[in-house]
Amino acid sequence: LVTGPAALLGFNQSNVFLETNQMNALSAPALMVELTSTAQSPITIDMTYSGSVSGPAQLTVLAGEEMVAVPLDSTATAGSGTVTASYAGDMFSATVTTFDATSARTPLALEPANASIAPGGMITMTVTFDLPGLQDGSSTAVVTTSAGLSAPATITIPAGSQTADIPVSADAAA
């Protein structure tokens, strides 16, 4: 139970992603400034930025709300930046990674990790990447399988998502 006036809790995410050349855009996932409780009156949060991102100098959490989205601008170059929120002596930061079409997407995980497929059967696997797909839907990844398995040669990483599904099927028993 939090009593007293609302204080700055921080950001809902410590790391977010944003395509290059964006203006007044929301990151993936959306970066939000959060308070410890509902604002009784409007609260103005001071914002600072560094690196490849910028945004408004202040954000206002409206009375009756506990959070506000952080709209961001990004430079034309992929890289990283920091967003810092300050209010009443409290300060919190989050990292923003900016990316573009030339930014390589590296697979981080494949789930389920130890899948088994019956001969002639199919399973959907999910791959997690280090960067989300581009908003225009043009991010793809090459898929390779071992003998006895088949999958599409390429998959599309959905816009703003860091995961993509891969249908994998096993050859029928001989």
Selection from region 37-55 of residues closer than 14 Å to Asp90 by Cβ, open to solvent by 50 Å² or more (accessible area, probe 1.4 Å) and of a type in the set (Ser, Thr, Tyr) yields Thr44, Thr48
Residues of region 96-144 being open to solvent by 50 Å² or more (accessible area, probe 1.4 Å), more than 15 Å from the chain's Cα centre (by Cα) and hydrophobic (A, V, I, L, M, F, W, C), which ones?
-> Ala101, Ala104, Leu110, Ala113, Ala118, Met122, Val142
Please work out which one of (1) open to solvent by 50 Å² or more (accessible area, probe 1.4 Å); (2) under 27 Å from Phe17 (Cα atoms); (3) small (Gly, Ala, Ser) is the condition Gly160 fails and give its number.
-> (1)
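Which strands (runs of 3 or more DSSP E) sit wholly inside region 89-137 and have at least 3 residues that are at positive phi? Lay out the reasoning, then the answer.
Working: elements: 90-99, 107-111, 122-129.
In region 89-137, there are no strands (runs of 3 or more DSSP E) which contain 3 or more residues that are at positive phi.
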From the options Thr77, Thr60, residue that is modelled with pLDDT of 95 or more and either assigned to a loop (DSSP other than H, G, I, E, B) or within 30 Å of Phe11 (Cα to Cα) (or both) = Thr60
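Condition first: open to solvent by less than 30 Å² (accessible area, probe 1.4 Å) and farther than 12 Å from Pro107 by Cα. Now tell me which residues in region 145-157 satisfy that. Show your work before the answer.
Step one: list which residues in region 145-157 are open to solvent by less than 30 Å² (accessible area, probe 1.4 Å), which gives 155, 157.
Once the filter is applied, which keeps residues that are open to solvent by less than 30 Å² (accessible area, probe 1.4 Å) and farther than 12 Å from Pro107 by Cα, region 145-157 yields only Ile155.
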Do we have Gly89 as open to solvent by 70 Å² or more (accessible area, probe 1.4 Å) and either of a type outside the set (A, V, I, L, M, F, W, C) or more than 30 Å from Ser37 (Cα to Cα) (or both) here?
-> yes
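The values are calculated or read from the model by the stated rules, or taken from the named source; none is laboratory data. Please read these numbers as outputs of a predicted model, since none were measured by experiment. We place every Cβ from the backbone using ideal geometry, glycine too, and count neighbours over all the protein chains shown. Protein only, heavy atoms only, side chains kept; ligands, DNA and RNA dropped before computing areas. Shrake-Rupley method; radii C 1.70, N 1.55, O 1.52, S 1.80 Å.
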